[in-house]
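Structure record follows, encoded as structure tokens.
The values are calculated or read from the model by the stated rules, or taken from the named source; none is laboratory data. The structure displayed is predicted, hence computed values, not measured ones. Ideal geometry is used to build each Cβ from the backbone, glycine not excepted, and the neighbour counts take in all protein chains shown. When the accessible area is computed, the model is the full protein with side chains, heavy atoms only, and any ligands, DNA or RNA have been set aside. Shrake-Rupley method; radii C 1.70, N 1.55, O 1.52, S 1.80 Å.
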Amino acid sequence: MLPSGPPDAKTRKYDRQLRLWAATGQAALEGARLLVIGATATSTSVLKNLVLPGIGHFTILDPNKTTPEDVGNNFFLEVDSIGKPKAAEATRLLSELNGSVQSAAEIDDIADILEKKPEYLAGYTLVVTHNLPRKIVDKLAAYLWSDPSLPSLIVVKTAGFLAEFFIQCHEHTVIDSHSEEKVSLRIDNPFPALLEKASSIHFDSLDQTTHAHVPYLYILIHAAAKWRSQHNDSLPKTFAERKAFQRFVEDMKVKIDEENFDEASAQAFRVLPQPIPFDILKLFDDPILNSLGPESKPFFHLLSALKEYVLGQEEGKRTLPLSANLPDIKSDTKSYVEIQTMYKARAREERDMFKQVLVQQLRSRFKNATGGEAELLQSVGINEGLIDDFVKNSHGLKVLRSTLYGEIDKHPNQLRATLEEKPREAAVHLAFAALDTLPEGTTLTPENLREAAKQLLGGETEISEDVENCLGEIARAPYADLPTTAGFVGGLVAQEAIKLITKQYISQVEGTVVVDLISSFTGSLPTPSGPSDNFIHLAINITYVRQFSDKIGYYVKDAKFAITTPSIPGSVGSNSSSATASGSSNSPAVSESSSSTGENSGQRNSSRTQAIVGGVVGGVALIAICGAVGFYVGRLKSKRRAKVSRGESNHDERSNGAIAGDAPPPATPVFVIPASSPRPETSNVNGDAPITSERSSASPSGVQSAIGLDLFGPSPSLQSPLSLPPPPYDYDDDALSQSRHSQSAIH
């Protein structure tokens, strides 16, 4: 039953944040215990952003007394605090922000605790450190890494206007990632109740008012059935067929202003089978699923049941459990409530089917278990609410794993590769790492830091300008804890802490987050054994890319694309032969085959190749292509209008694809985009050969990839997949304005 009456005081107090992470997230936050080592300006800024939303308990550990310098940069210390323990003073002032939060101050030294009573740390949910000496941090990180049951660790460093932080966490599972993935509405394969209702609607006999309020789900189901009957029982596949299907839907209108049919046309892609998200399919291969036991996390018992639930369905019709969450639909209230009721009923049915699979698995896994279903589920930490949340969010599940803190600094090859792939981000981290490696008592000069950086990179590596700038800032203010930097970094770290505690949203566990407030940018570096965030955000199912690849060919005539995977010396498959994947408007689909060597030469389309081809081609190339074409459409319109204003013909003579009067297109530009740094031991999965460009002789080496696009003019290398090269000619403001409208129309 829904609660009646006004909300209680706690709900009113935390109303805004409850909208973000709900009551379950708030309960997790209030049950957390946080240990912060060091009462610095950054540490207290982190705590401020956790005390206000209601963290359960925090302890500040700092043996030092307050100095005038501390009061000068820390808002949570007063003049009266000078000479008193920093931990006690900061705790007192932070506690004033929220009386519901428990707090404690400890004046012990973390080095002594690690030496005499390290078990003290086991009583906390999360440990945060700031600007601790590297030897102590390494010892602390090693101890917390020794047992997965020990708390996670966030290591924060700041120096002037530079900062970085790293999250050490054995394993972080997320059920409610608040994914923006569009869930399937089953329009391509409607469940019985939905199909029955859609089939019962006779559009020809509806009055105009009712016709204008039919939900687009029914319209698409009806249109898809009619299309199948006219096209050998097949759905629209090519871009031309999909455009024809959209016109087919729009022709069903009886009035030109029927918005429900416009919505159906815009949602026409839903009639195609929506594949299970690629990230979910990857989770089904997690090795933990092969060794589940009573001590395993509830998440993995649920994931194992989901795998059996999905793979037990008919090939080609596999779906995740239905979500009852519906998007906004142009309809009348009665029809919308009717659809919502149908979806909720079907979602409950599929939830119960999933639960049956889960219970059967648990009984098979624990044959000696006694009691009923509730007792069996409770024995592995699962309840009905957890099952509901898991099923509802099954399209956005995540498993994140980090490495031991400092692992990347032990691999010079990885550092060099990262410096080439992400020069700005790697420069910040390299500067902090160089500072950590200097022996105690060494004078902090740019020269000393430069030599330390070269040692980390493994030899006579040339130091780039980005690294030099960061080394200069470290030398200028190696331990400065500026209030502006502290405020910004404190907000970032607190946000990541909330993600870890509530197990909601996607935390930056798989990498190091860097901050450069001089250049005003933030970024992340991949862990040595984890994927780069390029593919975390861009990896999509190759099937999805193939379905829409002809759309790429539609926008760019005779455009060719090719991809080069990085190859690190000494990695598996680094000497493999090359294979080409290219496409054009005549044959736009990405080739799924590649030549391979070694024992696994018969295996193709590894998940790595799918991520590269799907992510890079489907995401970056399409954005760049559409933007470039839009710009040139605007340019063409501007020239036509100029000719009309001069009394000339508005017909453009073309020769070999060039506008009359313009110079012929120069050489093909190459768009250089960052590529993921592969795991050293799995550079080419299954021994497959790396995919290389047709222009392999011109392709960059190391960890960068190239996409050659036969566009209209030369351009410099791009470092961002969302930016476009400048045009090879001058333009006026009017032409630029038109091109922006053209780009909006194309997108």
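Just a few scattered comments:
- Given (1) within 28 Å of S43 (Cβ to Cβ); (2) open to solvent by 60 Å² or more (accessible area, probe 1.4 Å); (3) not in a helix (DSSP H, G or I), index of the condition E460 fails: (1)
- Residues that are among the charged types (D, E, K, R), assigned to a helix (DSSP H, G or I) and farther than 17 Å from F300 by Cβ within the stretch 364-382 comprise E373, E375, listed in sequence order.
- Cross-chain or 6+ apart pairs with Cβ under 8 Å, the stretch 335-354 first and closer than 16 Å to Y216 by Cβ, then of a type in the set (K, R): E338/K197; M342/K197
- Total residues in the stretch 463-489, condition open to solvent by 20 Å² or more (accessible area, probe 1.4 Å), β-branched (V, I, T) and within 19 Å of D436 (Cα to Cα): 1
- Qualifying residue in the stretch 11-33 (condition: in a strand (DSSP E or B) and surrounded by 24 or more Cβ atoms within 10 Å (Cβ to Cβ)): no
- Breaking point among (1) closer than 30 Å to A268 by Cβ; (2) within 31 Å of the chain's Cα centre (by Cα); (3) among the hydrophobic types (A, V, I, L, M, F, W, C), for L162: (1)
- Matching residues in the stretch 491-518 - criterion: being of a type in the set (G, A, S) and either open to solvent by 20 Å² or more (accessible area, probe 1.4 Å) or assigned to a helix (DSSP H, G or I) (or both): G491, A494, A497
Residue-by-condition table, conditions (1) under 17 Å from G511 (Cβ atoms); (2) open to solvent by 10 Å² or more (accessible area, probe 1.4 Å); (3) assigned to a helix (DSSP H, G or I):
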{"residue": "T418", "(1), (2), (3)": "yes, no, yes"}
{"residue": "E425", "(1), (2), (3)": "yes, yes, yes"}
{"residue": "A433", "(1), (2), (3)": "yes, no, yes"}
{"residue": "D436", "(1), (2), (3)": "no, yes, yes"}
{"residue": "E440", "(1), (2), (3)": "no, yes, no"}
{"residue": "L444", "(1), (2), (3)": "no, yes, no"}
{"residue": "E447", "(1), (2), (3)": "no, yes, yes"}
{"residue": "R450", "(1), (2), (3)": "no, yes, yes"}
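- R401 being of a type outside the set (S, T, Y), closer than 30 Å to P287 by Cβ, modelled with pLDDT of 90 or more and open to solvent by 30 Å² or more (accessible area, probe 1.4 Å): yes
- Residue among V71, V128 that alone is over 36 Å from the mean Cα position of the chain (by Cα) and either within 30 Å of A27 (Cα to Cα) or assigned to a helix (DSSP H, G or I) (or both): V71
- Being open to solvent by less than 30 Å² (accessible area, probe 1.4 Å), touching a residue at least 12 places away in the same chain (Cβ under 8 Å) and within 15 Å of A497 (Cα to Cα) holds for only one residue in V101, V51, and it is V51.
- Residue within the stretch 170-177 that is touching a Phe, Trp or Tyr at 6+ places or on another chain (Cβ under 9 Å), closer than 30 Å to H222 by Cα, open to solvent by less than 20 Å² (accessible area, probe 1.4 Å) and part of a loop (DSSP other than H, G, I, E, B) present: no
- Residue check: N325 meets all listed conditions (1) under 30 Å from T238 (Cβ atoms); (2) part of a loop (DSSP other than H, G, I, E, B); (3) under 32 Å from the mean Cα position of the chain (by Cα) but one, namely (1).
- Taken together, Q414, Q455 contain a single residue that is of a type outside the set (K, R) and open to solvent by 40 Å² or more (accessible area, probe 1.4 Å), which is Q455.
- Residue ID - farthest from K10 (Cα to Cα), chosen from residues in the stretch 74-98 that are under 36 Å from the mean Cα position of the chain (by Cα) and assigned to a loop (DSSP other than H, G, I, E, B): N74
- For the stretch 477-490, the set of residues classified as assigned to a helix (DSSP H, G or I) and either within 13 Å of K157 (Cβ to Cβ) or in contact with a helix residue (DSSP H, G or I) (Cβ under 9 Å, 6 or more places away or on another chain) (or both) consists of P483, T485, A486, G487, F488, V489, G490, listed by residue number.
- Just one of the listed residues (G406, G385, G372) is open to solvent by less than 20 Å² (accessible area, probe 1.4 Å) and among the small types (G, A, S), and it is G406.
- Test for S229: is it without any contact (Cβ under 8 Å) to a residue 24 or more places away in the chain, more than 28 Å from A347 (Cβ to Cβ) and either touching a strand residue (DSSP E or B) at 6+ places or on another chain (Cβ under 6 Å) or not in a helix (DSSP H, G or I) (or both): no
- Looking only at residues of the stretch 440-477 that are within 32 Å of the chain's Cα centre (by Cα) and touching a residue at least 60 places away in the same chain (Cβ under 8 Å), we find that the one that is farthest from K410 (Cα to Cα) is E473.
- Residue among S200, S184 that is without any contact (Cβ under 8 Å) to a residue 12 or more places away in the chain and open to solvent by 10 Å² or more (accessible area, probe 1.4 Å): S200
- Filter pass, P118 being without any contact (Cβ under 8 Å) to a residue 24 or more places away in the chain and either under 21 Å from I167 (Cα atoms) or among the hydroxyl-bearing types (S, T, Y) (or both): no
- Single residue of I201, I136, I187, I113 found to be more than 30 Å from D279 (Cα to Cα) and part of a loop (DSSP other than H, G, I, E, B): I201
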